[in-house]
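See below for the structure under consideration.
Any read-out appearing in this document is the output of simple, stated calculations on the displayed coordinates, not a laboratory observation. Model, not experiment: these values are computed from the prediction. Every residue, glycine among them, receives a Cβ derived from its backbone with ideal geometry; neighbour counts consider all protein chains shown.
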Amino acid sequence: MAEQAHAPEHPAYPVGLRLSGRRVVVIGGGQVAQRRLPALIAAGADILLVSPSATPSVEAMAASGEIRWEQRRYADGDLSDAWYVLIATADTEANAEASAEAERTRTWCVRSDDAGAATAWTPATGRSEGVTVAVLTGRDPRRSAAVRDAIVEGLRDGTLAAPHHRTRTPGVALVGGGPGDPDLITVRGRRLLAEADVVIADRLGPRDLLDELPPHVEVIDAAKIPYGRYMAQEAINNALIEHAKAGKAVVRLKGGDPFVFGRGMEEAEALAQAGIPCTVVPGISSSISVPGAVGIPVTHRGVAHEFTVVSGHVAPDDDRSLVDWPALARLRGTLVVLMGVDKIGAIAQTLVANGRDPHTPVALIQEGTTAAERRVDANLATVAETVVAEDVRPPAVIVIGEVVAVGPRNRQ
C-alpha cells in the first residue's frame with residue numbers, strides 16, 4: 001500500500017465529449033459555473049443547474065431558456081440520467097455528496113474544489129477557425145491556460161502553420177500585406193499565407209514574411225520595379241488562374257491594401273471570369289499607416305477635418321491624369337500623395353498656382369514602417385529641391401498639410 005501511495009499518477013485520458021441533447025448537471029451557480037456554462041450551451045447540452053443562488057449572468061442564461069435552474073441545494077438523485085456533472089459550490093458537504101453519487105452512477109464528474117477527488121478534469125480550451133484546442137497539464141491550470149493561449153494565438157496569426165487538407169477549397173486570396181512591416185499584416189492575411197501552396201508577391205509586400213514560408217511553398221516574384229523590369233498584369237492574372245486550377249491554394253500578396261492604387265480588382269475580375277473562387281483580405285493602407293508611424297496624424301482636431309489620398313504617378317498636366325488638382329489646392333485638409341516622388345515638383349507647383357500656401361508643410365516618408373524608414377521635411381516651395389538634395393526615392397508617402405507640423409517631433 002505504501003508503494004502504491006508514492007507511485008506516479010497516471011495521466012488523464014483526453015477525449016472530446018459530444019453532449020448535444022444529453023443531460024448535464026451543474027451544481028452551483030457562481031463564477032465557475034458562469035465561465036463553464038457557455039461552452040456547455042454551445043455544445044448543445046441539456047443543462048440542469050441546481051443552486052440556491054446564481055450570478056446575474058447565470059440568471060440571464062436561465063431566464064433566456066438556455067439552461068433550466070432549480071433554485072435549491074443539491075439533493076441525492078439529482079444526477080439521475082446525467083452524462084456529465086460539474087460540481088462548483090462553496091458547500092463542501094454538498095460537493096462530497098454529489099461526488100459520491102457521481103461515483104455510484106458512473107457519471108463523469110468535475111470538481112472545482114478538489115481536482116484529486118474528481119473523475120474528470122476540464123481542459124483549458126480555445127477555438128480558432130473550427131479547431132478546438134484543449135490543454136491538460138495535470139493540476140497546473142495556469143500553465144494549461146498559457147499553453148492554450150500560445151497555440152490559439154499561433155493558429156490565428158499564422159505563426160503556427162496548420163493548413164487545411166480535407167476541407168480546403170482551392171482558390172486565390174488577394175491579401176493586403178500592409179505598408180511593409182511584417183507585423184502589420186492582418187491576422188487573417190498571415191494565416192492564409194501560412195496555408196498557401198503558391199505565393200505571388202509584390203515588391204512592396206512584407207518581404208520578411210516570405211522567409212517564414214515552408215520549403216514546399218512556391219514563391220513567384222511579381223515585382224513591379226518603377227521604370228524597370230516588371231511582370232505584365234496579364235501574366236500575373238494567368239499565373240493566379242493556372243495555379244488555382246491546378247488545385248493549389250494561392251495567395252496574391254500585395255503591398256498596402258489590394259484596392260488602394262493596386263490592381264486587385266483587375267485580378268478579382270479575371271478570377272471571376274475564370275470561375276476561380278477569390279477571397280479579398282483588406283490590408284492597412286500606407287496612406288494612413290506610414291504617416292502615423294512617424295507621428296503624423298492625417299486628421300487632427302482643430303487642424304484638419306479631412307484627408308484626400310491621390311496617386312501621383314502621372315503629372316498634373318498629363319492628359320492621363322484623373323485628378324482635379326485645382327480643386328485639391330482649394331481644400332484645407334490633408335493631402336496624401338502615393339507614387340509621386342518624381343512628380344512632386346510639378347504637383348507642388350500646381351497646388352501653389354491654384355491657391356495653396358507655398359509655406360504649407362510637406363513630409364516625405366521613405367520606406368515607411370521598415371528598418372530603412374526615414375522622414376524628410378520641407379514645404380511646397382522647397383520640396384522639389386529637397387527631394388533632389390536628400391536623394392528621396394520611392395517608395396515614399398508624401399503628406400501635405402498643417403498636420404505635418406503636429407506631433408511630439410515638432411514640439412521639442
What value, in deg cm²/dmol to 500, does the helix sum -39500 (n - 2.57) over DSSP H runs of n ≥ 4 give at 222 nm once divided by the residues of the chain? -8500 deg cm²/dmol
Within region 249-335, list the GluC sites (Glu not before Pro) lying in a DSSP loop whose Cβ has at most 12 other Cβ atoms in a 10 Å radius. Glu306
Cα convex hull of region 1-115: how many Å³ per residue? 118
Over the Cα atoms of region 186-298, what radius of gyration and what Dmax do you get, in Å? 14.4, 46
Quick one: which residues, 5 or more positions from Val219 or on another chain, have an amide H under 5 Å from its amide H? H modelled 1.01 Å from N in the peptide plane, none for Pro or chain starts. Val199
Using the 2.2 N^0.38 Å rule of thumb for compact globular proteins, work out how the chain stacks up: its C-alpha Rg over that value, please. 1.40
Run the simple label-point estimate for Arg393 and Glu242 please: 7 Å along Cα→C-beta, distance reported in nm. 3.1
Can you list the HN-Hα couplings for region 70-81, worked out from phi with the Karplus curve (6.51, -1.76, 1.60; θ = phi - 60°), rounded to whole Hz and with x for Gly and Pro? 9, 7, 7, 6, 4, 9, 4, x, 5, 8, 4, 6
Could you run the Karplus curve 6.51 cos²θ - 1.76 cosθ + 1.60 with θ = phi - 60° over region 337-343 and give me ³J(HN,Hα) per residue in whole Hz, x for Gly and Pro? 10, 9, 6, x, 4, 6, 10
Any idea what diffusion coefficient region 288-410 gets from Stokes-Einstein, in µm²/s, Kirkwood Rh on alpha carbon pairs, 4 °C, 1.567 mPa s? 91
Rounded to the nearest 0.05, FRET efficiency between Thr382 and Arg320 (Cβ-Cβ, R0 30 Å) equals 0.60
Enclosed volume per residue, in Å³, of the convex hull spanned by Cα atoms of region 39-89: 86
Per DSSP, loop trypsin sites (Lys or Arg not before Pro) in region 173-221 with at most 14 further Cβ within 10 Å: Arg203
Between Ser20 and Gln233, the two model label points (7 Å from Cα along the beta-carbon direction) sit apart by a distance in nm of 4.7
Tell me which residues come under 5 Å, amide H to amide H, from Val26 once H is placed; ignore anything under 5 positions away on its chain. Leu48, Leu49, Val50, Leu86
So what's the Cα pair-distance distribution over region 277-355, bin width 5 Å, in %? 3, 13, 22, 22, 18, 12, 6, 3, 1, 0
Leu160 to Ala134: extension gain in nm, 0.36 nm per residue of separation minus the Cα-Cα distance? 7.8 nm
Separation between the Ala117 and Ala12 pseudo-spin-labels, each 7 Å from Cα along Cα→Cβ, expressed in nm? 1.7
Efficiency by 1/(1 + (r/R0)^6): what FRET value for Arg330 and Ala274, r their Cβ-Cβ distance, R0 = 45 Å, to the nearest 0.05? 0.50
